[in-house]
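Since the structure comes first, as structure tokens, the remarks are kept for the end.
The values are calculated or read from the model by the stated rules, or taken from the named source; none is laboratory data. Bear in mind the structure is a predicted one, so any value in this text is a computation, not a measurement. Cβ coordinates were reconstructed from backbone atoms using ideal geometry, including for glycine residues, and neighbour counts include every protein chain displayed.
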Amino acid sequence: MKNLQPRPKLSLFGELPQDSRKENKDQVRTYGELSVGGPFELVDTDGNIVSTESLKGKWVLLYFGFTYCPDICPEQMEMMASVVDIAKEEHDIDVVPLMITIDLERDTPEVLAEYVAEYSPKIIGLRGTEQQIDNVCNHFRCYRSKGQAYDDPQDYILDHTVTQYIINPEGKTVGYFMSNRNLEERVPIFLDHVQKYNEHKAAMSAKENVQPSILDSVKQLIGLSSSPAS
Ligand code: NI
């Protein structure tokens, strides 16, 4: 049964090239979940709990960083905001962008709130206890290491993994962007994941709806069915 789900439009960057799946094979293998990620429960800058449970039903982009990051994080935050805006404006897909700070010491709720707002009012800055941040970092294999502070103990750098994760409405990590992916690549990769997810969902429900009637027809054909008489 072919699914009837409409394909997402790709107006900004044109049609997805035929061989895009081959091109993006590192990140867009098949419909499926990656082995990274896992349930988490953190707190936003207003004190609300944001968890795997509260995010169910939504597409999520997840990024680990810190507000004092001199150049890598700002670029990643900008791209995250752009992917979210393009998904909404051109494809009507709602995406929740999350930035988890790995620098609890300096990224107070106020600092974090101000920082994420610079990039997008949609980005949610998340904090937690050291243990909660450790756990979520471990789930997503985010490496972080505090560099040496010299004159000022508050003046340090955090070395960290620069990866943005794509989490589907069921809370499963289905893809990621390495730091070197530019925006023109990220949008079609993301849309491809949405399309695969929708196709998968459509195929699953088609299977549920159609299978019994096919079975009935076959039964009738081979004379096993009693339905016409009964
Ligand atoms: Ni950074």
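Please go through segment 132-150 and give me each residue that is more than 21 Å from the chain's Cα centre (by Cα), within 13 Å of the ligand (Cβ to nearest atom) and part of a loop (DSSP other than H, G, I, E, B), ordered by number. Answer for segment 132-150, where residues must be more than 21 Å from the chain's Cα centre (by Cα), within 13 Å of the ligand (Cβ to nearest atom) and part of a loop (DSSP other than H, G, I, E, B): just G147. I'd like to check something: does segment 80-94 contain any residue that is within 16 Å of the ligand (Cβ to nearest atom) and not basic (K, R)? Yes, that holds for at least one residue.
Just to be sure, is V116 away from the ligand (no atom under 15 Å from the Cβ), in contact with a strand residue (DSSP E or B) (Cβ under 7 Å, 6 or more places away or on another chain) and β-branched (V, I, T)? Against the criterion (away from the ligand (no atom under 15 Å from the Cβ), in contact with a strand residue (DSSP E or B) (Cβ under 7 Å, 6 or more places away or on another chain) and β-branched (V, I, T)), V116 does not qualify.
T45 - would you say it is farther than 19 Å from F177 by Cα and modelled with pLDDT of 90 or more? Give the derivation first.
Numbers: farther than 19 Å from F177 by Cα: yes; modelled with pLDDT of 90 or more: yes.
Spelling it out, T45 is indeed farther than 19 Å from F177 by Cα and modelled with pLDDT of 90 or more.
Please enumerate the residues belonging to segment 58-107 that are outside any helix (DSSP H, G or I), of a type in the set (D, E) and closer than 29 Å to K146 by Cβ.
Within segment 58-107, the subset outside any helix (DSSP H, G or I) is 58-71, 92-107.
Keeping just the survivors that are of a type in the set (D, E) gives 71, 92, 94, 103, 105, 107.
Within segment 58-107, D71, D103, E105, D107 meet the criteria.
Test A113 against the criterion of being surrounded by fewer than 20 Cβ atoms within 10 Å (Cβ to Cβ), without any contact (Cβ under 8 Å) to a residue 12 or more places away in the chain and of a type in the set (A, V, I, L, M), and give yes or no. When the stated conditions are applied, A113 does not pass them.
Would it be correct to say that L55 is away from the ligand (no atom under 14 Å from the Cβ), assigned to a strand (DSSP E or B) and either at pLDDT 95 or above or buried (at least 19 other Cβ atoms within 10 Å of the Cβ) (or both)?
Values: away from the ligand (no atom under 14 Å from the Cβ): yes; assigned to a strand (DSSP E or B): no; either at pLDDT 95 or above or buried (at least 19 other Cβ atoms within 10 Å of the Cβ) (or both): yes.
No, not satisfied.
Here is a yes/no grid of residues against (1) at pLDDT below 95; (2) surrounded by 15 or more Cβ atoms within 10 Å (Cβ to Cβ); (3) more than 32 Å from the chain's Cα centre (by Cα):
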| position | (1), (2), (3) |
| --- | --- |
| D152 | yes, no, yes |
| Y156 | yes, yes, no |
| T161 | yes, yes, no |
| Y165 | no, yes, no |
| S179 | yes, no, no |
| Q195 | no, yes, no |
| A202 | yes, yes, no |
| N209 | yes, no, no |
| I214 | yes, no, yes |
